[in-house]
Amino acid sequence: MTAARWRVGSSDGPTVADVLERMGGASRGLAGAAAEGRAFLNARRARPDDAVAAGDELAVWPARRDAPGAPPVEVLARWGEILVASKPAALPTTPERRGTRSLVTEVAELLGLTAPPHAASRLDVGVSGAVLCATGPRGQRHLAAMREAGRVARVYVGVAGGRVEGAGTWDAPIGAARSRGGRSLPAVGGAGAKEAATHYRAIASAGGGAAVATLLRLDPVTGRMHQLRVHAAHAGAPLLGDRDHGGARSVTTARGRVLPLPRIALHALRVVVPDEGGEERTALAPVPDELRDLWAALDGDGSAWEEVLTTPEAALLPGAPAGIR
């Protein structure tokens, strides 16, 4: 994709919104570009009301939707200025450079909001599931307070490569480390490492030999970047499809079928948070078909998905073994 570029003239208006109107507005798909994070003023992301001057360069990247057949964004629950939306794996939570469509811009379009909601937490590209959002400043302040007080509870389900048994807590600190490709990725014990904790519980195993896999319930206590992915990899069981942290790119079934893994086998299944009146609100994001199909191809028991929510988190289990450090 290439960006539409415009050199601001003295008569183009005082703001980014004015220049977008001069560039062609809705007729060229530019309306809302700044709100969607697709507009860049002098190479920096621009807002609609940012001031412009003659000689500035405004670049607008085209919107890009998911591939045909990708699951749609859904609003799972909404109360006051808080909502929970279901993010497909291929979609980023917030806009990326080059104007990629995102969960928050899709939600704004779906609900007719004047601006995208604020994502109180983010799921990586490749991960699906429930995302908490605020549609106004009051909701944003409330979610920040609930997060600070440890009142936001999340349950994830993942398919790990390898065998994990029992339940416990992974608590290796997480920081940043440079990867082979030059990118700085979260890693155990990396630079600036901070404490991190993930309760885990093995629900079921499937496959055999090199293709053995484990269905995991994961309850994050902290919220470090890539936390669940890093902790699973450090435990010797990286999530399937998680290439950044050593996960398999494909698996071979017992029948010799090779299955490519185009996404990370991790899904945010449930989120619980008190509303402003103190009542606990719960939203559930159904497990996507591609993960159920993967588990079935590995001869996994389909009823195991439902067991994830009927079992307690590892921290509540008496005598739970310590996790791999």
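Computed values, structure above
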{"quantity": "Probe 1.4 Å, all protein chains present, accessible-area order of Val75, Val230, largest first", "calculated": "Val75, Val230"}
{"quantity": "Sorted peptide list for 154-164, 296-306, criterion being average Cβ within 10 angstrom, highest first", "calculated": "154-164, 296-306"}
{"quantity": "3J(HN,Hα) from dihedral phi, the range 260-276, Karplus parametrisation 6.51/-1.76/1.60, rounded to Hz, x for glycine, proline", "calculated": "x, 10, x, 9, 7, 7, 9, 9, 7, 7, 8, 9, 10, 8, x, 7, 5"}
{"quantity": "Environment charge at Ile82 (Cβ cut-off 13 Å; Lys +1, Arg +1, Asp -1, Glu -1)", "calculated": "+1"}
{"quantity": "Residue-span extension gain [Asp301 to Glu276] - 0.36 nm each, minus C-alpha spacing", "calculated": "5.0 nm"}
{"quantity": "Local net charge near Glu165, Cβ-Cβ under 15 Å (Lys/Arg +1, Asp/Glu -1)", "calculated": "+3"}
{"quantity": "The range 183-197 and the range 75-139: distance between their alpha carbon centers, rounded to Å", "calculated": "26 Å"}
{"quantity": "Positive minus negative residues near Gly190 (Lys, Arg vs Asp, Glu; Cβ under 11 Å)", "calculated": "+3"}
{"quantity": "Simple spin-label estimate for Arg178 and Arg151 in nanometres, 7 Å along Cα-Cβ", "calculated": "4.4 nm"}
{"quantity": "Spin-label model distance (nm) - Arg78 vs Glu21, 7 Å beyond Cα toward Cβ", "calculated": "2.8 nm"}
{"quantity": "Peptide ranges 113-122, 142-151, 82-91 listed from the most packed, as the mean C-beta count within 10 angstrom indicates", "calculated": "82-91, 113-122, 142-151"}
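The values are calculated or read from the model by the stated rules, or taken from the named source; none is laboratory data. Here the structure is a predicted model, which is why all the values come from computation and not from measurement. Here the Cβ is made from the backbone with ideal geometry for all residues, glycine too, and neighbour counts use every protein chain on show. When the accessible area is computed, the model is the full protein with side chains, heavy atoms only, and any ligands, DNA or RNA have been set aside. Shrake-Rupley method; radii C 1.70, N 1.55, O 1.52, S 1.80 Å.
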